[in-house]
1. For a quick check of your reading of the model, give me the residue pairs whose first member lies in the stretch 142-161 and is farther than 19 Å from Pro48 by Cβ, whose second is open to solvent by 80 Å² or more (accessible area, probe 1.4 Å) and not hydroxyl-bearing (Ser, Thr, Tyr), with beta-carbon atoms closer than 7 Å and at least 6 apart or on different chains.
2. Find the residue count for the stretch 178-194, including only residues that are surrounded by 13 or more Cβ atoms within 10 Å (Cβ to Cβ) and either farther than 20 Å from Ala70 by Cα or touching a Leu at 6+ places or on another chain (Cβ under 6 Å) (or both).
3. Out of everything in the stretch 107-123 that is under 14 Å from Phe68 (Cβ atoms) and in contact with a helix residue (DSSP H, G or I) (Cβ under 6 Å, 6 or more places away or on another chain), what residue ends up being surrounded by the most Cβ atoms within 10 Å (Cβ to Cβ)?
4. Could you run through the stretch 140-173 and say how many residues are under 14 Å from the mean Cα position of the chain (by Cα) and assigned to a loop (DSSP other than H, G, I, E, B)?
5. Just one of (1) over 19 Å from Gly161 (Cα atoms); (2) among the β-branched types (Val, Ile, Thr); (3) open to solvent by less than 10 Å² (accessible area, probe 1.4 Å) trips up Val52, so point out which.
6. Condition check: of a type outside the set (S, T, N, Q), surrounded by fewer than 18 Cβ atoms within 10 Å (Cβ to Cβ) and under 18 Å from Ile187 (Cβ atoms). Does Ala89 satisfy that?
7. Which residue pairs have Cβ atoms closer than 9 Å, lie 6 or more positions apart in sequence or on different chains, and pair a first residue in the stretch 113-130 that is closer than 13 Å to Val159 by Cα with a second residue that is open to solvent by 10 Å² or more (accessible area, probe 1.4 Å) and part of a strand (DSSP E or B)?
8. Scan the stretch 147-174 residue by residue and report those that are of a type in the set (Gly, Ala, Ser) and open to solvent by 30 Å² or more (accessible area, probe 1.4 Å).
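The values are calculated or read from the model by the stated rules, or taken from the named source; none is laboratory data. On a predicted model such as this, the values are computed, not experimentally measured, just so you know. Glycine also receives a Cβ, built like all others from the backbone with ideal geometry; neighbour counts cover every protein chain displayed. Ligands, DNA and RNA are stripped out before the accessible areas are found, and what is left, the full protein with its side chains, is counted by its heavy atoms. Shrake-Rupley method; radii C 1.70, N 1.55, O 1.52, S 1.80 Å.
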Amino acid sequence: MTLTFSPPPFVTPQRPVRRFGRRIAMVGDRSPQSATDDVGASGLRVRPMVAVDTGRVHDFLIAQYETFNAADNTPVGHAHFQAFVSAPALRDRLDEGCIAHVAERDGTVLGMCELHLDGYLTLLYVRGDHHGRGIGRRLLKQGLETLHTVAPAITVVRVRGTPYARGFYTHMGFEPLADALQEDHGIRFHPFLMRLPTHPQRDTVTGT
């Protein structure tokens, strides 16, 4: 399971074939350590993304896209994705306030999630050999918790899920908005929406 690309307004999950979505994390060349770090028993760490991460996160995203998503999209879509996940673009969105988290173990990036403050989930990817281990769920949960803190008025989260990630989003509680596959800028996707609970203590993400 890999999950999402979407420059507002879309996102892309992944599937094993060849192929190529404002931050609340800290910005700047500082240590990425944060009070919001989530370190599991397996040694997996989920933490806010910072500017020094953008180069290796770019490499991670391109590798996952090429493996899982590129076959679904057009050459225009490939170019669009590459521009969206370039290191400068990732850093610019951090500076603009995007909510971004990375999942890593021993310094190796295993997953990444990015949410805009308007409620668009624009990137959610997990490394192929770690699909099905709950990393996507943890990243999404952390992103939604941060979104609630910094933008409590947001009541829905939207995502443009890639064909490969359709099952993941349904499992996480997203509602499909259309049966047919959609396309924008050469990226093919299924639109989804999640209605956020009004009670701040409730766990929005129910999947595992």
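1. Within 7 Å, the pairs are Thr155/Arg195; Val156/Arg195.
2. 5
3. Met112
4. So the count comes out to 2.
5. For Val52, the failing item is (3).
6. Yes, satisfied.
7. Partner pairs satisfying both residue conditions: Asp118/Arg158; Gly119/Val156; Gly119/Arg158; Tyr120/Arg158; Tyr120/Arg160; Leu121/Arg158; Leu121/Arg160; Thr122/Arg160.
8. Residues satisfying the conditions are Ala153, Gly167, Gly173.
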